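The values are calculated or read from the model by the stated rules, or taken from the named source; none is laboratory data. Keep in mind it's a predicted model, so treat the numbers as computed, not measured. All Cβ positions, even for glycine, are placed from backbone atoms using ideal geometry, and neighbour counts span all protein chains on display. Surface areas here come from the heavy atoms of the whole protein model, side chains and all, with no ligands, DNA or RNA. Shrake-Rupley method; radii C 1.70, N 1.55, O 1.52, S 1.80 Å.
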Amino acid sequence: MPKRPKNRPRPEDRVPVVARKRGNARGAKGHRNGRSVSQRDSEEKSAAVPAWVKQAEEIRGRWPWVERSVWSERMLQALENGVKGGKWFSLIDKVWNLDNLSAAWMKASANGGSAGVDGQSIRQFTSSLSQQLERLLRELKTGQYQPQPVRRHWIPKPGSTEQRPLGIPAVRDRIVQGAIRNVLEPIFERQFAQHSYGFRPGRGCKDALRRVDGLLNEGLNWVVDVDLKSYFDTIPHEGLMQRVAEHISDGRLLELLQQYLKAGVMDGMKGWEPTEQGTPQGAVISPMLANLYLNPLDQRMAKAGYAMTRYADDFIVQCQSEAEARVALELIHQWAKENGLVVHPTKTRIVDATRKGGFDFLGYHFERGMKWPRKKSLVKLKESIRHQTHRKQGQSIGQVIAGLTPLMRGWFEYFKHSQPSTFSELDGWIRGRLRSILRKHQGRKGRARGSDHQRWSNAYFDQLGFYSLVKARVMVLQSRCETTILESRMR
C-alpha cells in the first residue's frame, strides 16, 4: 500500500464537530434552514479527492492489465521511475503468492487445453483446487517444485502436408508459468519497441496491419520479408537467460526459468528428449521470452531509422528504395548470425509491393495497393467449411447454415478490408456446397449446377439466415459513411 503523504491531515489534527442543541436554529419567523453558511458551501462543493488517491488512479490507468495481486501502486511507480541499477530483486515471493497463483489458474482454466505428460486435465486439477494451489505454493516456497517435460503434439500446417510441433505443458506448470508471466511481463513491456505487436497487452494483428497499411501509403513500398528458420526451436538458452538477467536479479526466479527451458520434451514413442535450445511453442511464457530475445534487433532497427513491423517471429521492414532494403537485410543477417539464429535462405526476400507478386503478412496478401487473404488463409477457411458441409452429414440445411455463421462472421471481421471480389467468390462457393447438400437430400448425385441455382436461389438461403460476406461488407461501408457524415456535422 502507498504511504500516506506528509501533507495529509492526521486524525488528531481534524477540527472537532460540536453538536448543537435542538431548536437553536429557530427564530421569530419559525423554522429556518439549520445549516450554517460554511456548511452549505461545503455541501455544494464536491468532496475533494486527495492527491495521493488521484496519483494512484492515474498510474493504474496507465497499467490496467497488470495483475493487481502482484503490482501495487508503489511497484508501478518504481516500474515507471526505474529501479536502482535497472534490475529487480526479490520477485520469487510474488510468484508463489496465493492470489497470483489463483489468477494464473483462472487464465489457464479459461484457455482450456489438453493434459500434459502427467495426464492431469484442467477439470481434474479444479476438482481439488485449494489443495492443488496450496501444494504449488508450498513446493515453490521450499524449492521442491520441479517443472515436468512438455508433451509434444504434432499439428498440420494449413495448406501443406507438413506438420509443426506444439508443446503442451502440464496444467500445474501452466499455472506457475502464468504466475511468472504476471510478475515479469510489465518489467519487460517497459523495454519493448513500439513496432512489436505479437502477444503483448493491448496490441494485436490489426494494429500491426494498420501500421503496414500506413507505411505503404507513405510510399515505403520496398519490403524486406523476413523468415527466421524455426525461431522458437532455436533460441539459444544462454543468450536468452542473459537477456532476462539484464533486468532480473532474483536468483531463484532465474533458476526456475532455466529449469523450464531444460525440462525437455516427451514425444510419443520416442520418449524424453533434452532441450538444449529453444522455448516450446504452447508454453505460457514462450511468447514473452521470444519477444525479449528479439527486442535488441527491434531496438537496433529503430535506431538505424528503419520502419519495421514485427508480430512474434513474423516481421517485415518497409523501405523507400531497393538499395535501402538491401542494407536493412544485411543488417538483419548480421544480427541473426551474432545471436545464434538463421535467416531462412529461400523464404526471406525483397519485394516491390507496387508490382505483381507482393508479399504476405499476418494472413493478408499485399500487392499493388490492394490486399486480400493470402492463399493459406483461404485454404484454411475452405477446409473448415468443407468439414461442416459434407454432403453425407445428416443435419438439415438450416442447421448447417447456423453452424457456418459463427465461422464466417469471425473470418469476415478479420478480413473485411480485402478486395470486394474475395467475398463474392466465397459466397458463391459456399452456396454451391449448400446446394450439393440439398441435392443429396433429394437422393440425387453430383455437384449442384445449372437449374439448381434457380431451384435454390440466393434469396432462399438468405431466408434461412445465410451469412453473406458481400452483404456484410455493404453494411460495413454504410456504417462508415454514416459515421463520416455524423463527424462532418459535428465539426
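Structure above, values below:
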| item | result |
| --- | --- |
| Residue check for Arg300: under 20 Å from Lys94 (Cα atoms), among the basic types (Lys, Arg) and surrounded by fewer than 19 Cβ atoms within 10 Å (Cβ to Cβ) | no |
| Single residue of the stretch 256-274 satisfying the filter (in a helix (DSSP H, G or I) and hydrophobic (A, V, I, L, M, F, W, C)) that is farthest from Trp154 (Cα to Cα) | Leu256 |
| Residue match in the stretch 80-97 (condition: within 26 Å of Arg203 (Cα to Cα), aromatic (Phe, Trp, Tyr) and open to solvent by 50 Å² or more (accessible area, probe 1.4 Å)) | no |
| Residue match in the stretch 190-197 (condition: at pLDDT 95 or above, small (Gly, Ala, Ser), assigned to a strand (DSSP E or B) and open to solvent by less than 20 Å² (accessible area, probe 1.4 Å)) | yes |
| Filter result for the condition that a residue is among the basic types (Lys, Arg) and either crowded, with 22+ Cβ neighbours inside 10 Å or more than 30 Å from Lys416 (Cβ to Cβ) (or both), over Arg210, Arg172, Arg200 | Arg172 |
| Residue within the stretch 180-195 that is free of Cβ contacts under 8 Å to residues at least 60 places away in the same chain and more than 16 Å from the chain's Cα centre (by Cα) present | no |
| The stretch 413-455: number of residues that are more than 30 Å from Lys206 (Cα to Cα), among the charged types (D, E, K, R) and out of contact with any Ser or Thr (no Cβ under 6 Å at 6 or more places or on another chain) | 8 |
| Candidate set from the stretch 103-155 (those that are of a type in the set (Ser, Thr, Tyr) and more than 26 Å from the chain's Cα centre (by Cα)); member that is surrounded by the most Cβ atoms within 10 Å (Cβ to Cβ) | Tyr145 |
| Failed condition for Asp225, given (1) touching a helix residue (DSSP H, G or I) at 6+ places or on another chain (Cβ under 6 Å); (2) in a strand (DSSP E or B) | (1) |
| Residue ID - farthest from Leu215 (Cα to Cα), chosen from residues in the stretch 363-397 that are in contact (Cβ under 8 Å) with a residue 24 or more places away in the chain and in contact with a strand residue (DSSP E or B) (Cβ under 6 Å, 6 or more places away or on another chain) | Trp372 |
| Test: residue in the stretch 257-272 that is closer than 15 Å to Pro165 by Cβ, open to solvent by 10 Å² or more (accessible area, probe 1.4 Å) and touching a Leu at 6+ places or on another chain (Cβ under 9 Å) | no |
| Enumeration of residues in the stretch 242-273 that are on the phi > 0 side of the Ramachandran plot and basic (Lys, Arg) | none |
| Trp456 vs. criteria surrounded by fewer than 15 Cβ atoms within 10 Å (Cβ to Cβ) and not basic (Lys, Arg) | no |
| In the stretch 275-290, the residues that are farther than 14 Å from Arg151 by Cβ, part of a loop (DSSP other than H, G, I, E, B), open to solvent by 20 Å² or more (accessible area, probe 1.4 Å) and in contact (Cβ under 8 Å) with a residue 60 or more places away in the chain | Val284 |
| Any hit, the stretch 176-190, residues being touching a Gly at 6+ places or on another chain (Cβ under 9 Å) and over 26 Å from Asn81 (Cβ atoms) | no |
